[in-house]
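The structure appears below as structure tokens.
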Amino acid sequence: MTETQDLRQRIERAWDNRELLKDADTQKAVFSLVEALDKGHVRVAEPAESEPNGWRVNEWVKKGVILYFPLTQNKTEHAGVYEFHDKIPLKSDFAGQGVRAVMGSVVRYGAFVNKGVIIMPGFVNIGAYVDSGTMVDAWATVGSCAQIGRNVHLSGGVGIGGVLEPVQAAPVIIEDDCFIGSRCIVVEGAHIGREAVLGAGVTITGSTKIIDVTGPEPVTYKGHVPARSVVIPGSYEKEFPAGKYHVPCAMIIGKRKPSTDLKTSLNDALREHHVAV
């Protein structure tokens with residue numbers, strides 16, 4: 001049995017019987033799991049070709065994060081003039097991990113931030129995974145267990161939702177090379193395919209209509225933005241007892257050109273459609 005398998009068995013047993021949290025070996029297993037999350041050795045969700053959407057959710061890891069909270073106590077810590085009072089300490093040794101964290105950045109212990117990530121400043125919650133080369137721009141937030149790919153740009157004020165319960169719920173997934181425009185909101189386990197571009201102010205929830213308007217007939221998705229899509233905020237007419245009103249949606253208005261250099265196409269993909277970045 002591998003160390004990971006042993007951790008999983010102990011956490012699954014404790015999930016079913018919380019009395020086991022009094023046991024020293026169980027406590028050690030929970031703390032070891034959170035340390036493994038912090039170092040990127042395990043993930044809440046991971047790419048898996050065998051799964052329908054290409055990702056597997058590791059429910060037992062989410063269970064371990066939830067079990068971590070009753071095992072910790074609120075503690076006061078200071079960073080200069082700033083005071084914190086929390087159950088989870090802050091992540092440390094950014095220099096050793098090759099991460100640039102501007103003053104004001106907050107990353108909780110148990111979140112993995114890979115080499116080359118820049119946080120300008122932002123917030124990254126426990127269980128999240130932020131891969132190499134990604135920018136977490138000013139006041140962007142990455143919620144608990146969210147999975148952010150390589151070379152992603154989370155623009156200023158972006159809100160990436162977190163999820164711990166229910167444990168079977170998928171986290172938000174932003175795949176490699178995506179550009180998420182200013183003040184976008186991506187929550188409720190929404191999945192953004194690789195190289196997609198979201199214009200400023202797009203909101204994607206698990207139930208948001210994402211309407212592809214590029215063909216002769218609209219094609220509607222929910223909870224998933226296909227790879228390389230260029231997306232902007234939109235609305236559609238819906239009838240209510242009091243009359244017809246416009247409700248928000250997201251619209252796919254084009255595809256990012258594979259022939260265009262990725263670094264320049266982030267903004268150009270929107271501007272060529274006359275959309276604000």
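Laboratory data are not the source of any read-out in this text; all were calculated from the coordinates shown. Everything quoted here is computed from the prediction, not taken from an experiment. For neighbour counting, all protein chains shown are included, and Cβ atoms are generated from backbone atoms with ideal geometry for every residue, glycine included.
Entry note, the chain: relative contact order of 9 percent, from Cα contacts under 8 Å with a spacing of 6+ residues.
Here the label points at H246 and N53, each 7 Å from Cα along the C-beta direction, are separated by 2.9 nm in the simple model. Across the options G110, A146, T203, the greatest Cα extent toward the positive end of the charge dipole of the stretch 98-256 (unit charges at beta carbon of Lys, Arg, Asp, Glu) belongs to G110.
Residues D177, D23, arranged from fewest to most other Cβ atoms within 10 angstrom of their Cβ, appear as D23, D177. Diffusion coefficient of the stretch 98-256 by Stokes-Einstein, Kirkwood radius over Cα pairs, 37 °C, 0.692 mPa s: 208 µm²/s. Ranking V124, G254, I66 by Cα position along the charge dipole of the chain, where only Lys, Arg, Asp and Glu carry charges on their C-beta atoms, puts G254 farthest toward the positive end. Using the average count of surrounding beta-carbon atoms within 10 Å as a protection proxy, the listed peptides 118-126, 8-16 rank, highest first, as 118-126, 8-16. Seen against the Cα atoms of the chain and their longest principal axis, helix 262-271 is set at about 50 degrees.
With both labels modelled 7 Å from their Cα along Cα-to-Cβ, the S92 to F31 distance reads 1.4 nm.
Rounded to the nearest 20 debye, the dipole size of the stretch 1-133 about its Cα centre is 200 debye, using +1 on the Cβ of Lys and Arg and -1 on the Cβ of Asp and Glu. Which entries of K75/K115; K39/K62; K63/K115 show an alpha-carbon separation above 18 angstrom in the structure shown? Violating the 18 Å Cα-Cα cut-off are K75/K115; K63/K115. Rounded to the nearest 20, the Cβ-based charge dipole of the chain about its Cα centre (Lys and Arg +1, Asp and Glu -1) stands at 280 debye. Highest GNM mean-square fluctuation among A227, A170, A48, for the chain modelled with Cα contacts below 10 Å: A48.
Only beta bridges with both residues in the stretch 98-256 are counted; by DSSP, about 30 percent of them are antiparallel.
Which percentage, to the nearest 5, of the DSSP beta bridges contained in the chain is antiparallel? Expressed as a percentage, antiparallel bridges in the chain total about 40. Taking 23 Å as the straight-line reach from the Cα of K222, the lysines in range (excluding those fewer than 8 positions away in the same chain) are K209, K238, K244, K255. Judged by the mean number of other Cβ atoms found within 10 Å, the most tightly packed of the peptides 237-244, 51-58, 106-113 leads the ranking 106-113, 51-58, 237-244. Only helical runs count toward this figure. For the chain, summing -39,500 (n - 2.57) over DSSP H runs of n ≥ 4 and dividing by all residues gives -6000 deg cm²/dmol at 222 nm. Modelled label positions at K75 and K22, each set 7 Å beyond Cα in the direction of Cβ, lie 2.4 nm from each other. Taken about its Cα centre, the stretch 3-71 carries a charge dipole of roughly 180 debye when the Cβ of each Lys and Arg holds +1 and the Cβ of each Asp and Glu holds -1.
Its Cα gyration tensor gives the stretch 3-71 an equivalent ellipsoid; the semi-axes, largest first and in whole Å, are 23, 12, 10.
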